[in-house]
Amino acid sequence: MEKHPEAPGPEKAPQEKQLDEKELERKMKKDQKAKEKEEKRLKAKQKEAARLQATSDGPKKSEKKQKKKAVENENPEDFVDPDTPHGRKKLLAPQMAKQYSPSVVEKAWYAWWESSGYFGADSASTKPPFVIVLPPPNVTGALHIGHALTVAIEDAMIRWRRMSGFNALWVPGVDHAGIATQVVVEKKLMREKKLTRHDIGRDNFIAEAFTMDEPRSKAVTEAFVRLYKEGLIYRDYRLVNWDCTLRTAISDIEVDHIDLKGETTLKVPGYNSYIQFGVLISFAYPLEKGLGEIVVATTRIETMLGDTAIAVHPEDKRYKHLHGRYAVHPFHARKLKIICDAELVDPTFGTGAVKITPAHDPNDFEVGNNGGAQFEGMPRFTARVAVIEALKAKSENGLDAVRSKKIEIIPPQYEQDWYRWLENIHDWCVSRQLWWGHRVPAWYVTLEEEQVKDLGSNNDRWIVARNECDAILEAEKKYQGKKFQLNQDPDVLDTWFSSGLFPLTVLGWPDDTADLRAFYPTSVLETGLDILFFWVARMVMMGMQLGGDVPFQKVGFICILLSVMLMGARCPIDPREVINGMSLDGLLKRLEEGNLDPNELNIAKEGKKKDYSDGIAECGTDALRFALISYTSQSDRINLDIKRVVGYRQWCNKLWNAIRFAMGKLGDNYTPPANVDVSLMPPICKWILSVLNKAIWKTVTSLEGYKFSDATSAIYSWWQYQLCDVFIEAIKPYFFNDSQEFESARAASRDTLWVCLDAGLRLLHPFMPYVTEELWQRLPHPKYSCRKDSIMISEYPSPVEEWTNGKLENELNIVLDAVSKLRSLKPPTETNERRPAFALCRGQQIADTIRSYHSLIMTLFHIRS
């Protein structure tokens, strides 16, 4: 029962003295009648609540008997799905299983979606296009949870847009991953056959690896030829980062730099003992003509073999007399000119004299190199400005695309990373000295009359062409009447060169295809910040240069999963191990089947034993997807807990039970209405539709803003805390018997329940496609509506204006808050015995609200009165 503070009133004694006896008697009778009327009203309300409670408690024994009898009469085969032929629509058991099983639920649906053509997009469609290209995983094929995160987000976006009326296209792919693949194949060869790639030769090695499809190879060659003819690709002598193991150049951004604070010993691959770094060693170069010597200091004494000059500061008085003089190399008597450089040399560091080694140090290379032909004849610092301007021009289009919002970066704080990369861009060395990859389409012409026949000894002899036949024709024109031989460049292209063409090539470029016209530029690129320049910036520059437009309109950067990756031990968790579950022994066995060397394998095994001592429970695809997407609100690096995935698998069971309850209450003969009249519904039905409206709005706006975690949170909260915890519990008393008194409420509850489940499953589908399809297929169909055959091609929910009821939501917030407060007062050890309760309200309005929902409070909190 409810109590509220009584408002103080004026004193009654003076007034009563003025009343005569008749007036006093009349007033007393009137007050008595009002009091009796109020008591009757309260008794009636308590009687109604008691009757509702009786209908709740009374039938429990008979219900238990009926349930026991029903279980005894059950046929176990009624709960088992029949076998479904591959590609056919899944055959469902007559009865829903009592518990959710991901392996059973997720069976057969994908093959049916695929055979039905639901994933397809039509280039001739009048629907607006929505296109995503999947960042291609390496062809080496080791899936990990990071891949699952990418796929979960992209598939959710595609499903949502398809259901929202878009011509949705999701293009997958595989990257040939030059260095990564070659390393894996070389290790496999050594482990299984004790052979190196050089032992078996280039052709056999490539056959041992994988093949690259012809259309992509054709496009890569076409792009190279076009960029070469436009002067954007050129051959030159440049300082590169050299991988001594793979014997190939690697780009600057593939090198991890370590800043040493002082003398440090490090373990270097290929050496048995630790190597000392950071020790400054001084040595003297003799000067020509007996002028004495000049002492230089270096931490890399071995590089003096390639020294070509010595630099001093022009204002350093110690060396002014040596400007323009020469030192003599002690090993081969080569003259080293003493040059002046105010920027490179710090006269206060070391001896103030710096050795120049163009083949080893980038700064030295810049000093020792005369630069490109286009800068020939310029004064040095004039040339410096010209070089900087020329480099910036190449990246300006990419910078402008983001500044002008032609490309939107999400979240926007990563725009500064974009600007930082492109404002400090350098020419990109696109060749790699590998065997696995797209071969450079360049041929070297060796004339028969030449004495020096070394490949590449003359840079003017290279011919770039689409194929060898075209190269021969061009060579014949260039060297008319001369005999020659052609040899193709043995180098391959950096894997990021072909990957940079991905949005174009998957749509048919360089051919003018219908897909290219319909779907380029794509809509969204979703990827990791770690490949911002490796891939994203290069796609933008190549797309604008070769495709005439930006390759995508938005770039979304996702977080990097840490804990399950275990990259230090190089043993990432395969998403299939989470989906299907796996014992610890199974996890360890899979490691043994991989490419880890013995030391790495031992480290990886210890990591698995520590993190997954009990193995991994079966979670299913839906739970894994939902868990991964729900993590995206955190920082750019997150730690995934497998227990959270298990929690969402248990939540799937809650959804399953909600539908089981609904199927029992709707009945076999229930037909959903075409429309529902909210005005005729009980308050609890109006409320659940109003909060469903809010959940739909929050989900859609979150998806539009690429705030995927907010979308999952909105859906989860509605299903868990509003539909299951409140609405389903609140309507249960209407179904305890067939009383005619509640027939109207029962009918409204059935219709509302069906509307909620239908819309709620469609709202959830992009994130949990399998369980939502299975549950949606079990819902009754409206009689006079054209329902789609699959939930994935049905319409995504949108807010219904008539459902919004802010006043009712505020009232229920007060009621649910009261229920929550009452529950918090209940001792955790107390049994389910029902007790009376009272609420002290802050005002008349709240007290009236509590009275109005007296029965609902009793139902939700299980109190007696």
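Among the residues of the range 311-330, write down those that are in a loop (DSSP other than H, G, I, E, B) and surrounded by fewer than 20 Cβ atoms within 10 Å (Cβ to Cβ). So that I can check it myself, show each step before the final result.
Going residue by residue through the range 311-330, those that are in a loop (DSSP other than H, G, I, E, B) are 313-316, 323-325, 329-330.
If the condition is that a residue be in a loop (DSSP other than H, G, I, E, B) and surrounded by fewer than 20 Cβ atoms within 10 Å (Cβ to Cβ), then P314, E315, D316, H323, G324, R325, H329, P330 are the ones that fit.
Quick check on the range 255-310: of everything there that is among the charged types (D, E, K, R) and assigned to a loop (DSSP other than H, G, I, E, B), which residue is modelled with the lowest pLDDT?
To start, the set of residues in the range 255-310 that are among the charged types (D, E, K, R) comprises 256, 259, 261, 263, 267, 288-289, 293, 300, 302, 307.
In the following step, the residues that additionally are assigned to a loop (DSSP other than H, G, I, E, B) were identified as 256, 259, 261, 263, 267, 300, 307.
Details: D256: 78, D259: 83, K261: 81, E263: 86, K267: 82, R300: 81, D307: 87.
For the range 255-310, the residue satisfying everything is D256.
Specify the residue that is nearest to the chain's Cα centre (by Cα); the eligible residues are those in the range 438-475 that are of a type in the set (A, V, I, L, M) and assigned to a loop (DSSP other than H, G, I, E, B). The selected residue is V440. Only residues that are of a type in the set (A, V, I, L, M, F, W, C) and modelled with pLDDT of 85 or more were counted in the range 394-417, giving 3.
Number of residues in the range 171-219 that are over 24 Å from P136 (Cβ atoms), modelled with pLDDT under 70 and in contact with a Lys or Arg (Cβ under 8 Å, 6 or more places away or on another chain): the value is 0.
Kindly evaluate M539 against the criterion of being out of contact with any Ser or Thr (no Cβ under 6 Å at 6 or more places or on another chain), surrounded by 23 or more Cβ atoms within 10 Å (Cβ to Cβ) and outside any loop (DSSP other than H, G, I, E, B). Yes, satisfied.
Only residues that are part of a helix (DSSP H, G or I) and over 19 Å from the mean Cα position of the chain (by Cα) were counted in the range 667-713, giving 19.
When residues in the range 322-366 are screened for being at pLDDT 90 or above and aromatic (F, W, Y), 1 of them pass. Within the range 71-124, restricting attention to residues that are surrounded by 15 or more Cβ atoms within 10 Å (Cβ to Cβ) and among the charged types (D, E, K, R), which residue is nearest to D155 (Cα to Cα)? Filtering first and then ranking leaves E106.
Given the conditions (1) among the hydrophobic types (A, V, I, L, M, F, W, C); (2) crowded, with 20+ Cβ neighbours inside 10 Å; (3) under 19 Å from W776 (Cα atoms), report the number of the one that I158 does not fulfil. Against the list (1) among the hydrophobic types (A, V, I, L, M, F, W, C); (2) crowded, with 20+ Cβ neighbours inside 10 Å; (3) under 19 Å from W776 (Cα atoms), I158 comes up short only on (3).
Restricted to the range 782-814, and to residues that are at pLDDT below 90 and either touching a Leu at 6+ places or on another chain (Cβ under 9 Å) or not β-branched (V, I, T) (or both), which residue is surrounded by the fewest Cβ atoms within 10 Å (Cβ to Cβ)?
The initial filter retains those residues of the range 782-814 that are at pLDDT below 90, namely 782-787, 814.
Checking the rest, the ones that are also either touching a Leu at 6+ places or on another chain (Cβ under 9 Å) or not β-branched (V, I, T) (or both) come to 782-787.
Values: P782: 15, K783: 9, Y784: 7, S785: 10, C786: 5, R787: 13.
Looking at the filtered set, the residue picked out is C786.
Residues in the range 427-437 that are of a type in the set (D, E, K, R) and in a strand (DSSP E or B): R432 alone.
Results for (1) closer than 18 Å to T357 by Cβ; (2) not β-branched (V, I, T), shown as yes or no for each residue.
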| position | (1), (2) |
| --- | --- |
| N241 | yes, yes |
| D256 | no, yes |
| F277 | yes, yes |
| I281 | yes, no |
| H323 | no, yes |
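Pairs are defined by a Cβ separation below 6 Å, a sequence spacing of at least 6 or placement on different chains, a first member in the range 235-252 that is touching a residue at least 60 places away in the same chain (Cβ under 8 Å), and a second member that is part of a loop (DSSP other than H, G, I, E, B); the pairs so defined are V240/C429; R247/Q433; T248/Q433; T248/L434; A249/V240; A249/C429.
Confirm whether G437 is on the phi > 0 side of the Ramachandran plot and surrounded by 12 or more Cβ atoms within 10 Å (Cβ to Cβ).
Details: on the phi > 0 side of the Ramachandran plot: yes; surrounded by 12 or more Cβ atoms within 10 Å (Cβ to Cβ): yes.
Taking the combined requirement at face value, the residue satisfies it.
The values are calculated or read from the model by the stated rules, or taken from the named source; none is laboratory data. Remember, predicted model here, so these are calculated numbers, not experimental data. Positions of Cβ are backbone-derived with ideal geometry, glycine not excepted, and every protein chain shown enters the neighbour counts.
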